[in-house]
1. Computed FRET efficiency, Cβ-Cβ of Ser58 and Leu123, R0 41 Å: what is it to the nearest 0.05?
2. Between beta-carbons, use under 13 Å as the cut-off and find the net charge around Ser19, counting Lys and Arg +1, Asp and Glu -1.
3. Expressed as a whole percentage, what fraction of the accessible surface of the stretch 25-85 belongs to carbon and sulfur atoms when a 1.4 Å probe is rolled over the protein heavy atoms?
4. Between Phe94 and Lys115, what FRET efficiency follows from the Cβ-Cβ distance if R0 is 35 Å, with the result rounded to 0.05?
5. Accessible area, 1.4 Å probe, largest first: how do His83, His55 sort?
6. Tell me, what is the 1.4 Å probe accessible area of Glu39, in Å² to the nearest 10?
7. Can you order the peptides 84-91, 5-12 by their average number of other Cβ atoms within 10 Å per residue, highest first?
8. Quick one: grab the alpha carbon gyration tensor of the stretch 1-126, order the square roots of its eigenvalues as a ≥ b ≥ c, and give me rounded if a/c is under 1.5, else prolate or oblate depending on whether a/b is larger than b/c.
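The values are calculated or read from the model by the stated rules, or taken from the named source; none is laboratory data. Every value quoted in this text rests on a predicted model; they were computed, and no experiment measured them. Using ideal geometry, Cβ is built from the backbone for each residue, glycine included, and neighbour counts are taken over all protein chains shown. Heavy atoms of the whole protein, side chains included, go into the accessibility calculation; ligands, DNA and RNA do not. Shrake-Rupley method; radii C 1.70, N 1.55, O 1.52, S 1.80 Å.
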Amino acid sequence: MPDAIRRAAPRAAVAATASTRVASRRLKNSDAVAGFPAEIATLPIRQKTNLRWIHSFSAGVDKLMIPEIADSPILISNSSGIHATPIAEHILGFLLLFTRRFPETLRNQQKKIWKGLRDISELRGKTVLIVGLGAIGKIGLQPPPEAQQLVHVAIGKCGNRIDAFGGQSL
């Protein structure tokens with residue numbers, strides 16, 4: 001990746017390292033730094049630097065809101081939405097886990113109890129409430145065609161209802 005950055009911005013100083021100690025030494029000559037906010041916040045940004053851009057590998061940047069950064073002209077960007085698909089799939093897995101009663105089924109299997117569970121449910125016809133329809137809700141939780149039978153309700157962070165998927169509305 002550093003080579004791609006160098007080609008895109010040939011005048012930018014680029015140094016790749018996983019060490020915050022090494023990053024601290026190179027910071028004063030760097031135009032940009034990318035990493036996880038908790039690690040970036042430990043760098044000596046108070047010292048005179050050429051730093052113009054900080055990119056967070058995570059969505060949250062609250063750990064970067066230290067005075068040296070917040071009160072400066074440094075641009076801050078984040079990776080919001082980058083993990084939407086895996087997180088949404090994890091959520092879908094939990095929906096199936098509880099609806100299909102997998103924990104009980106697996107416990108019975110380990111105990112060699114071979115009885116059917118009569119009150120296993122389906123996702124079809126259930127209501128899914130998404131609170132805070134960010135990237136995970138918009139991209140990752142958009143139902144595949146086979147799950148269109150779900151009733152979807154999405155609430156934005158301001159509390160307003162959103163018809164996100166063109167599905168059935170309550």
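1. Working: r = 30 Å, r/R0 = 0.73.
Efficiency computed from Cβ-Cβ geometry: 0.85.
2. Taking every Cβ under 13 Å from that of Ser19, the sum is +2.
3. Numbers: 2090 of 3790 Å².
Result for the stretch 25-85: 55 percent of the exposed heavy-atom area is carbon or sulfur.
4. Working: r = 24 Å, r/R0 = 0.69.
Computed FRET efficiency for Phe94 and Lys115: 0.90.
5. Working: His83 100, His55 35 Å².
Putting His83, His55 in descending order of accessible area: His83, His55.
6. Estimated to the nearest 10 Å², Glu39 gives 90 Å².
7. Details: 84-91: 14.8, 5-12: 10.6.
Packing order, densest peptide first, comes out as 84-91, 5-12.
8. On the way: a/c = 3.32, a/b = 3.25, b/c = 1.02.
The shape class here is prolate.
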